[in-house]
Amino acid sequence: MKKNNLYTLAHLVVAAIRIHEHKHSGPPTIENICDTLTISLEEGNRLSLKLSEMQVIEALEKPGGTRLFVKNHIRIEDIARQPEINNLQSELDQFKESRKEQINKIKSIQSEQAEKKKKLQEELDQKLKNIMKNKK
């Protein structure tokens, strides 16, 4: 099963919460969910924040850590089933593309300047030769 869309990940998080509640008779922490789903803690925090905003789960701050509860699992069906667009990757690609354009522009300006310098040097050499011929 691909875990590349929020819909699938939401189902997995809710299932992991229920499994942990069944096994341990208590609500899980974000770390427990991450271990169960073998995802990074950052990804687990991102998912729990998104699902909390959508009111699918509820995160309760306690002295022992943040505990997760299923609030309204039916709201998962409102989530689009398309793959999530990785905004960071797309922004990075855009930055790389703009960087390439800047480098190309700089190279073209440098080549133009080199051409101007070469022409100017040729003109000066020619003028110098003419001056030297006129003196003889």
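Here are some notes:
- The condition (being acidic (Asp, Glu) and free of Cβ contacts under 8 Å to residues at least 12 places away in the same chain) is satisfied by just one residue among Glu31, Glu61: Glu61.
- Unmet criterion (only one of (1) of a type in the set (Gly, Ala, Ser); (2) on the phi > 0 side of the Ramachandran plot; (3) at pLDDT 90 or above) for Gly44: (2)
- Of all residues making up the stretch 12-46, the number that are within 18 Å of Ile79 (Cα to Cα) and either more than 23 Å from the chain's Cα centre (by Cα) or among the β-branched types (Val, Ile, Thr) (or both): 3
The values are calculated or read from the model by the stated rules, or taken from the named source; none is laboratory data. None of these values were measured; they are calculated from a predicted model. Neighbour counts run over all protein chains shown; Cβ positions are idealised from the backbone, glycine included.
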